[in-house]
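This report refers to the structure that appears directly beneath it.
Every read-out reported here was derived from the displayed coordinates using simple, explicitly stated rules and does not represent laboratory data. Fair warning: this is a prediction, and the values are worked out from it, not measured in the lab. Cβ: placed from backbone, ideal geometry, glycine included. Neighbour counts: every protein chain shown.
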Amino acid sequence: MRNQRFVVLLAALAALTLCPAGAALADDLQTAGDPDSLGFSARRLARMTSWFEAQTKKGDPSGFVVGIARGGKLAYLEPTGFQDGDKKIRMRPDSIFRIGSMSKQITSVATMMLVDEGKLELDAPVAQYLPELRDMQVVKKDPATGDPILLDLAQKVFEPARRAMTIRDLLRNTSGLVYALPDYADPGFGNAAVHLLYGARAPFRRDKPIASFVASVGTLPLLHQPGEVWEYSIGYDVLGRVIEVVSGQPFDQFLQSRLFGPLRMVDSGFSVPEDKLARLVAVPTSPSDGDVTHPQTFFSGGGGIVSTAPDFLRFCQMLLNGGELDGVRILKPETVRLMTTNSLQPEMHIAGHEVGPAYGTGWGLGFAVRTSPDFSLIPGAVGSFNWQGSWGTFFSIDPAQKLILIMMMQRRQYSENGFYFNAIRRLPYAALKVPEASAPVAVGQRNEGALTEYVGRYVFGGSASSLDRQISVTDGNGWTGLESVIAGTDGLRVIKLADTGPAAKVGIMAGDLITAVDDKSIKGLTLEAAFRRISGPVNAAIKFKIIRATQSAPLVVAFAREAVPAQSVALQVSVVDGKLVVEATGQWSILDFDKGRPTPVAVRSQDEFQVEGGDHTRLAFTRDAAGKINGAVLDPGPWEQRSALIQQGTLTAEEEPAQPKH
């Protein structure tokens with residue numbers, strides 16, 4: 001029998017008096033409370049259950065556990081689908097998952113515990129603790145292209161590091177180390193020759209200790225000068241060995257005695273004991289590197305930990321509380337603030353991943369951090385922080401809303417995880433209540449002819465949240481389809497494109513160098529400055545000048561920016577039986593408006609309408625200088641969301657946005 005979804009939480013006053021002001025009680029994270037009392041619309045929160053259940057009904061082999069906490073209280077904890085699809089074992093709230101790169105946040109906290117204690121210096125050279133990493137060399141770059149020069153190690157095409165990599169560099173992925181190119185990675189993940197070299201010379205061996213792995217790393221060159229380029233890397237695995245050396249304990253024992261035990265994370269570790277194997281989630285493809293059924297020797301701080309949604313909620317709540325939970329102090333408050341504040345300078349290059357100005361994110365000391373109020377892959381307010389794991393796990397913490405989101409699933413197709421991450425990024429925020437507005441001003445009923453001027457499709461950008469300050473479509477939310485680029489002295493190097501994006505449609509290719517945008521050079525610009533040149537309204541034209549290695553002369557391509565596909569939130573406004581009706585289109589429902597359910601709205605005031613039931617969502621239309629409708633605003637005021645009128649009239653079936661594949 002499935003757990004009851006929403007149970008009223010009765011907190012004992014005596015227990016509250018034992019908890020420091022503002023801190024959360026662990027017991028508050030055990031049982032789901034009434035969503036309305038925690039600021040959610042129960043009806044809209046239930047959409048999340050329906051969405052994940054729909055994936056299971058479609059035959060998705062992954063089961064799910066989704067957890068949400070707000071203000072230190074559990075608002076939602078729901079298992080969906082199967083823990084083992086072949087054996088038809090249902091998912092449960094405490095099912096155990098491989099959390100992949102969400103191990104990095106645990107490793108970063110363990111590292112900073114030692115910094116807090118004065119046993120580890122944040123800006124000390126890594127070689128101070130690991131002599132085998134002393135005097136590492138850096139791969140030279142081709143001065144013409146900026147590409148690494150590396151044919152084989154025997155050539156020794158290296159240069160000395162301008163400074164030693166530090167503990168801080170390991171935490172913020174600026175050490176110059178990289179990852180081995182995994183078999184599931186896109187070739188655009190990084191320079192194949194260097195990454196393949198890492199895989200050959202320093203492979204992850206589960207039968208070897210971390211010390212052996214680090215010794216192998218010491219024989220390799222760095223791809224970047226320390227401190228100059230952000231690139232996702234094996235740095236957190238190296239930190240695991242630093243922690244062993246400094247603490248005098250094996251990494252797994254340090255985590256158990258200093259972090260998991262005190263936080264009562266009872267199901268977290270590097271392997272699953274025999275008496276808990278019945279709760280271990282199966283992986284559909286069962287790769288060898290996912291075997292956690294036996295004790296490990298190599299304790300991967302970058303991706304080797306298993307945990308549960310309830311355990312990770314406790315970890316996140318500790319961070320949200322400023323480093324403390326249930327009277328147990330793990331980190332100093334100022335340390336948590338440092339870790340969750342962007343540490344990347346605007347001029348720093350970002351190599352091959354979803355951080356950087358293009359995505360409105362930076363990186364702290366172990367966490368991706370939201371830096372832009374206009375657009376970000378991180379939901380919530382500026383300062384929110386998150387990360388994800390390649391097995392399909394995701395978490396996000398929004399200090400402004402005191403909100404924690406966790407989703408866990410188990411799949412090996414990393415490239416498809418974004419489909420599910422989009423749901424957990426959007427659905428919980430779309431369920432938050434908006435404060436009631438003042439009473440409407442009576443203006444009388446409109447006739448059908450007058451209502452037709454409002455008919456059309458209105459696009460709100462990429463967010464379904466009234467708290468997520470998305471930039472207006474008319475101000476610069478156009479999409480070019482450049483998913484990953486690197487800023488260099490000669491322009492923007494294209495790493496990865498969306499297959500069906502506007503840039504790919506006109507023939508732009510990975511490896512191309514963009515040197516000018518709209519006839520203006522972007523050479524020497526930072527990534528952030530270059531993207532300000534690239535951003536612009538939907539349907540606005542843009543022109544690139546491109547240098548391609550196989551072409552003797554520069555290429556010039558022009559195309560129109562498009563609305564972000566699938567991720568865009570849109571409403572179709574129509575007139576039915578003399579009434580204005582509104583329906584969500586695309587992938588996501590929003591506020592009172594659902595997909596497949598046209599909702600009537602009544603006149604509230606001039607150009608403003610309101611849903612009479614539900615959560616009384618208001619929809620106000622905007623006009624241009626000539627008095628023509630050009631957009632719409634949901635819930636005008638401090639919580640508003642603005643849109644642009646993209647297409648007048650009613651969409652035909654052929655014009656409906658295509659649904660994403662997954």
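The packing ranking of peptides 625-638, 163-176, highest mean first, is 163-176, 625-638, where packing means the average number of other beta carbon atoms within 10 angstrom of each residue. Cross-link partners for K402 among the lysines, with Cα-Cα distance under 24 Å and sequence neighbours closer than 8 places in the same chain left out: K73, K104, K332, K433.
Kindly state, to the nearest 0.05, the FRET efficiency for S521 paired with Q137, given R0 = 41 Å and r defined as their beta-carbon distance. Working shown, then result.
Numbers: r = 34 Å, r/R0 = 0.82.
Efficiency computed from Cβ-Cβ geometry: 0.75.
Put the Cα centre of the stretch 342-357 next to the Cα centre of the stretch 499-569 and the gap is 19 Å. Rg and Dmax of the stretch 273-368, both derived from C-alpha coordinates alone, stand at 17.6, 51 Å.
Quick check: from the Cα gyration tensor, does the stretch 478-560 come out rounded (a/c under 1.5), prolate or oblate?
Details: a/c = 1.35, a/b = 1.10, b/c = 1.23.
It comes out rounded by the Cα gyration axes.
Counting only residues at least eight positions apart within a chain, or on another chain, the aspartates and glutamates with an alpha carbon under 20 Å from that of K523 are D142, D147, E228, E347, E483, D490, D512. Once the Cα-Cα distance is subtracted from the 0.36 nm per residue extended length, the K505 to E159 segment shows a gain of 120.6 nm. In a simple Cβ point-charge model (Lys, Arg +1; Asp, Glu -1; nothing else charged), the stretch 493-539 has a dipole of about 100 debye relative to its Cα centre.
Computed from the C-beta positions of S552 and A193 and an R0 of 25 Å, the FRET efficiency is 0.50 to the nearest 0.05. Computed from the alpha carbon atoms alone, the convex hull of the stretch 314-383 holds 92 Å³ per residue.
Report the trypsin sites (Lys or Arg not before Pro) located in the stretch 58-114 that are in a DSSP loop and have at most 11 other Cβ atoms inside 10 Å of their Cβ, or state none. Don't skip to the end; give the middle numbers.
Numbers: sites: K58, R70, K73, K87, K88, R90, R98, K104; in loops: K58, K87, K88.
Passing sites in the stretch 58-114 are K58, K87, K88.
Extension gain, Q606 to Q253, is 120.5 nm, computed as 0.36 nm per intervening residue step minus the present C-alpha separation.
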